[in-house]
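The values are calculated or read from the model by the stated rules, or taken from the named source; none is laboratory data. Treat the numbers as computed from the prediction; the structure is a model and nothing was measured. Note that each Cβ is placed from the backbone with ideal geometry, even for glycine, and that neighbours are counted across all protein chains shown.
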């Protein structure tokens, strides 16, 4: 009886079996064709750049203003927190 219990426990505590390796989803780059790289690379870069949707001038100005405003706001917030903590430490340490 004890032997059966030990076997059952050994089976249940054993590491789960590893799943079978699946097929590779990402194709490996073809490195067999050396030398064709720079021209092909530049063509692919150009084709990717043509897919990019750049913001309009108005959107660019709005987003730049937003980044500057958020940066200034966070700066003031961190400055206020620093001031409060420095005053607290001055009170505590005398």
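If you go through region 49-56 one residue at a time, do you hit one that is surrounded by 10 or more Cβ atoms within 10 Å (Cβ to Cβ), modelled with pLDDT of 70 or more and assigned to a helix (DSSP H, G or I)? For region 49-56, residues surrounded by 10 or more Cβ atoms within 10 Å (Cβ to Cβ), modelled with pLDDT of 70 or more and assigned to a helix (DSSP H, G or I): absent. Tell me, please, whether a residue that is at pLDDT 75 or above and assigned to a loop (DSSP other than H, G, I, E, B) can be found in region 11-24. Checking region 11-24: not a single residue is at pLDDT 75 or above and assigned to a loop (DSSP other than H, G, I, E, B). For beta carbons closer than 9 Å, sequence separation of 6+ or different chains, a first residue in region 69-94 that is at positive phi and part of a helix (DSSP H, G or I) and a second that is surrounded by 10 or more Cβ atoms within 10 Å (Cβ to Cβ) and at pLDDT below 95, there are no qualifying pairs.
It is to be established whether one or more residues within region 29-37 are modelled with pLDDT of 75 or more and either touching a helix residue (DSSP H, G or I) at 6+ places or on another chain (Cβ under 6 Å) or assigned to a helix (DSSP H, G or I) (or both).
yes
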